[in-house]
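Read the structure below first, then the notes.
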Amino acid sequence: MKENMITLAIESSCDETSAAILRGGREVVSLVISTQIPIHQKFGGVVPEIASRKHIVNIMPVIEETLQKAKLELKDIDQIAVTYGPGLVGALLVGVSAAKALAFTLDVPLIGVNHLEGHIFANFLSHPDLKPPFMALVVSGGHTSLVHVKDYNSFKLMGQTRDDAAGEAFDKVARVMGLPYPGGPQIDKLAKEGNPLAIDFPQAMKNEENFEFSFSGLKSAVLNYLNSMQQKHIEINKADVAASFQHSVIEVLIAKAMQAVQESHCDTLVLAGGVAANSSLESRLREAADKAGIRFCFPNKLLCTDNAAMIGCRGYYKALAGFKSDYYLNAVPGLGLEDL
Ligand code: KG4
Ligand code: ZN
């Protein structure tokens with residue numbers, strides 16, 4: 001495989017249609033992200049059928065735009081990487097079908113990519129000198145996991161959430177507080193004006209000797225608090241609720257991540273997934289890593305949330321290891337992060 005391979009990457013797992021061109025594994029030549037957030041906002045969350053239909057409309061224009069920005073043509077593409085899971089089945093199928101059709105027509109390799117592995121690999125794009133091994137804390141809308149990345153193609157899942165993902169808890173709490181979708185960035189903003197110690201919300205699993213998480217109890221605790229305040233006609237300080245909720249999530253994430261770093265003797269901690277864009281999580285993790293004398297990395301803001309560049313990076317390293325998908329590649333909505 002030549003080193004400066006041109007990879008066309010496609011991502012359509014949720015509400016972003018994205019395409020990217022990478023030269024080699026780490027140089028993003030162009031990246032286009034077409035977000036559907038304003039469309040789903042009026043429903044308070046992603047409507048899967050609408051998402052699929054919008055991906056169908058957007059996919060080819062987004063691919064064409066990314067080629068134009070890179071000043072390349074389809075004939076210049078050496079391989080195609082595409083997200084095949086986890087995500088919404090109809091949304092994933094749009095990207096997978098487009099990738100298969102292009103790979104077949106251009107007669108180039110097709111590489112199916114796990115979206116969560118893509119989130120971890122976003123760090124390689126923001127930190128050119130980053131190399132495995134490291135511990136990765138993946139916090140997205142659908143997943144919360146700790147992954148020991150031993151090598152580019154060797155991972156060990158240390159643990160994950162038993163119920164809600166951290167991002168899901170952010171979105172649900174924001175929704176009951178009357179904040180628009182997606183709730184994570186709204187809570188992040190509001191929390192800056194609040195007192196994180198104002199309300200003592202639970203920090204489930206924090207002191208347990210495992211790498212599992214649970215956020216559904218915390219979500220219920222916030223709902224109960226809001227309801228009981230309403231019943232008592234006590235005015236709610238929304239900023240304090242946001243800050244205290246966020247504090248509970250972050251405390252657990254930090255405790256577990258640092259425990260995982262210690263147990264696996266890693267000298268680097270990497271943050272990944274949409275919730276990595278949370279300013280307080282990033283600064284508190286950095287503090288904890290500094291104190292422990294380890295390196296801390298997280299992707300730049302654009303690469304924290306869903307994008308095709310991270311899929312291209314993961315696809316490149318899979319191809320380098322000789323991995324290739326066949327034309328039976330299908331969408332796998334429930335695909336998890338597994339030991340590799
Ligand atoms: O990784 P992502 O873009 O999509 C999934 O793969 O799920 O993550 C989206 C999640 C949403 O739950 C969103 O509310 C959350 O990331 N998020 C944030 C922030 N920005 C996005 N959560 C907390 N603070 C933020 N600043
Ligand atoms: Zn994602």
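All of the numbers you see were taken from the coordinates with simple rules; none came from a lab. Small disclaimer: the values here were computed from a predicted structure and weren't measured. Methodologically, a virtual Cβ is constructed for each residue, glycine included, from the backbone with ideal geometry; neighbour enumeration extends over all protein chains shown.
Annotations
- In degrees, nearest ten, helix 89-106 long axis to first principal axis of the chain (Cα): 20
- Dividing the mean sequence gap of close Cα pairs (under 8 Å, 6+ apart) by how many residues the range 177-263 holds gives a relative contact order of 45 percent.
- Of the trypsin sites (Lys or Arg not before Pro) in the range 1-58, the ones in a loop by DSSP (not H, G, I, E or B) with at most 13 other beta carbons within 10 Å are LYS2, LYS42.
- Overall shape: oblate for the range 89-143, with the ratio a/c of the largest to smallest alpha carbon gyration tensor axis at 1.5 or above and b/c at least equal to a/b.
- Taking every DSSP beta bridge that has both ends in the chain, the antiparallel portion is near 60%.
- Choice from VAL149, VAL94, VAL57 showing the highest fluctuation, given a GNM over the chain with Cα pairs closer than 10 Å: VAL57
- More than 24 Å apart - percent of Cα-Cα pairs taken over the range 78-191: 43
- Per DSSP, loop chymotrypsin sites (Phe, Trp or Tyr not before Pro) in the range 135-199 with at most 13 further Cβ within 10 Å: none
- Folded to 0 to 90 degrees: helix 238-264 orientation relative to the chain principal axis, Cα: 60
- Solution diffusion estimate, µm²/s, Stokes-Einstein, the range 24-101, Kirkwood Rh from C-alpha pairs, 10 °C, viscosity 1.306 mPa s: 114
- The GNM of the chain, with springs linking C-alpha atoms under 10 angstrom apart, assigns the highest mean-square fluctuation among ILE120, ILE311, ILE39 to ILE39.
- Applying 1/(1 + (r/R0)^6) with R0 = 30 Å to the Cβ-Cβ distance of ARG286 and VAL332 gives a FRET efficiency near 0.30.
- Annotation for the range 233-340: GluC sites (Glu not before Pro) lying in DSSP loop with at most 14 further Cβ atoms inside 10 Å of their Cβ are GLU235, GLU338.
- Global dimensions of the chain from alpha-carbon coordinates: Rg and Dmax equal 20.1, 68 Å.
- Beyond 20 Å in Cα-Cα separation lie the following of the pairs LYS42/LYS219; LYS206/LYS232; LYS131/LYS318; LYS42/LYS69: LYS42/LYS219; LYS206/LYS232; LYS42/LYS69.
- Axis of helix 48-70 versus longest Cα principal axis of the chain: the two differ by about 50°, to the nearest ten degrees.
- Distance distribution note for the range 133-299: the fraction of Cα pairs above 23 angstrom is 36%.
- Lys, Arg +1 and Asp, Glu -1 on Cβ, resulting dipole of the range 159-268 about Cα centre, debye, nearest 20: 440
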